[in-house]
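Enquirer: Before I ask anything, here is the structure I am working with.
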Amino acid sequence: MSYNELDFSRRNIVFALSEVKDMFRMHFERGCSYVAKGILEKVMAADFEGFVGAGRYVRRDGRRGYRNGYRHRRLVTTVGTIELAVPRDREAAWQPEVFERYKRVEPVVDATIRSMFLNGVSTRKVGDILDILCGSRLSASYVSKVTKELDSAVQAFANRPIEDDFIFLFLDAISVRIRVELHVKRYMLLVAYGIRSNGTRELMGFQKVKSESAGNWRAFLNNLEVQGLSGRMLKLIIMDGAAGLWAAVEEIYPLIPHQLCWVHKLRNVARHCPKRYRQECTGQAARIMYATSSAIAARQFRQWRDRWQNQAPKALRCLEKDFDKLIPFFEFPQQIRKLIRTTNVIERAFREVRRRLKIMGYFQNAASCRRIVYALFNYFNHKWHRNNEIIKTIKHMIQKAA
């Protein structure tokens, strides 16, 4: 008799181990579904017997009804889709407590859907993930229906009280496209972000408006004030160059220094610079914000102006006319200047919104826009709250600045 030598090469061992794991996982998942089915059916049987007031084949006065067989019900759970035998009575008066009437999905699965949505997962991807986790694919329309329950959370967020302990306030607007009946229109989302005196940070609020007019910004800031942000501790407000925004801020917070976002200004400088000089000219202008003081920044600006006044006069005027708005952040310690010279944090937060819009093209309606933006705010605020090391670092810097 001949024997074949066993192959214990690394490749074969890894492959065999993966097969064992797959079989174990498959049987484990089936076992969990089997146990869940048994427990739910036993609970329903006990509950049904208490409702009827008599056991099977027991005749008793005062009973509330009579058994009428079973109906089969599919229920999507965290351990897979299970088929339940649900007792029923002749009058159809009994309803099991383990799931809601007409509900085909376990409440904890709905909670998981909302949690995934709040963490930035799109409705279609939620269905793909549940297909893997629960063995049953839920339609995008069902996921959308569940996420609509977030509307109350969106309203609560918009009306929540805000503690007046922010020392840096960042304001910016993001352009979005929203479907309104037969047309897709462009709107602006006004956004506020702040850093508190204890170092924590938060996306504070947002508002959909038609334009960045002074009136819209004023209403947005007044609403934040009603929620509690009176600005008693504010040391600096950082924003882009929108005229309506500056007019509103100067009216509501006239005594607080205002900082123009360097990134927005450099984009405008590049736009006014001839293409052949754009990279070099804008790159040299960007070095000004790394100066160690406002006096040195002014000296570097004069050198930059002398270098480019003939080749890029429009770019020069663009930077010179707002230079005084670009230097307030130099009054703060150098360690925290990177945090407060731009509104980049708002831009970075909205990359996820732009990623979704790149696929969808536009929001289906205003409510969908509010839910997704709220989900984005919720995700980042929880993420920043958990990142304790960054909070400690910012807190230390801000205390030194104070």
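Enquirer: Name the one entry in 212, 225 that is farther than 18 Å from residue 328 by Cβ, without any contact (Cβ under 8 Å) to a residue 40 or more places away in the chain and assigned to a loop (DSSP other than H, G, I, E, B).
Expert: Step by step, each of 212, 225 is checked, and only 212 is farther than 18 Å from residue 328 by Cβ, without any contact (Cβ under 8 Å) to a residue 40 or more places away in the chain and assigned to a loop (DSSP other than H, G, I, E, B).
Enquirer: I'd like to know if segment 325-342 contains one or more residues that are in contact with a helix residue (DSSP H, G or I) (Cβ under 7 Å, 6 or more places away or on another chain), surrounded by fewer than 16 Cβ atoms within 10 Å (Cβ to Cβ), at pLDDT below 95 and under 24 Å from residue 255 (Cα atoms).
Expert: Within segment 325-342 (the criterion being in contact with a helix residue (DSSP H, G or I) (Cβ under 7 Å, 6 or more places away or on another chain), surrounded by fewer than 16 Cβ atoms within 10 Å (Cβ to Cβ), at pLDDT below 95 and under 24 Å from residue 255 (Cα atoms)), the answer is yes, since at least one residue qualifies.
Residues are listed down the side, and each one gets a yes or a no for (1) in a strand (DSSP E or B); (2) modelled with pLDDT of 90 or more; (3) charged (D, E, K, R):
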site	(1), (2), (3)
141	no, no, no
150	no, no, no
167	yes, yes, no
171	yes, yes, no
179	yes, no, yes
184	yes, no, no
190	yes, yes, no
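Enquirer: Taking the criterion of being in contact with a helix residue (DSSP H, G or I) (Cβ under 9 Å, 6 or more places away or on another chain), crowded, with 19+ Cβ neighbours inside 10 Å and over 19 Å from residue 191 (Cα atoms), would at least one residue in segment 257-267 satisfy it?
Expert: Yes - at least one qualifying residue is present in segment 257-267.
Enquirer: Looking only at residues that are out of contact with any Asp or Glu (no Cβ under 6 Å at 6 or more places or on another chain), small (Gly, Ala, Ser) and without any contact (Cβ under 8 Å) to a residue 40 or more places away in the chain in segment 229-284, which one is farthest from residue 346 (Cα to Cα)?
Expert: Checked segment 229-284; the qualifying residue farthest from residue 346 (Cα to Cα) is 283.
Enquirer: I would also like to ask the following. From the list 259, 207, 284, 279, pick out the single residue that is within 30 Å of residue 309 (Cα to Cα) and in a strand (DSSP E or B).
Expert: Just a single option satisfies the conditions, and that option is 259.
Enquirer: Another one. Residues that are among the aliphatic types (A, V, I, L, M), more than 19 Å from residue 170 (Cα to Cα) and at pLDDT 70 or above: find the helices (runs of 4 or more DSSP H) completely inside segment 349-402 holding 2 or more of those.
Expert: Passing ranges, in order: 366-386.
For (1) buried (at least 18 other Cβ atoms within 10 Å of the Cβ); (2) modelled with pLDDT under 95; (3) more than 19 Å from residue 166 (Cα to Cα), each residue gets a yes or a no:
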residue	(1), (2), (3)
194	yes, yes, no
211	no, yes, yes
227	no, yes, no
238	yes, no, no
254	no, yes, no
275	no, yes, yes
283	no, yes, yes
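The values are calculated or read from the model by the stated rules, or taken from the named source; none is laboratory data. These numbers were taken from a predicted model, which means no experiment stands behind them. Positions of Cβ are generated from backbone atoms using ideal geometry, with glycine treated the same way; all protein chains shown enter the neighbour counts.
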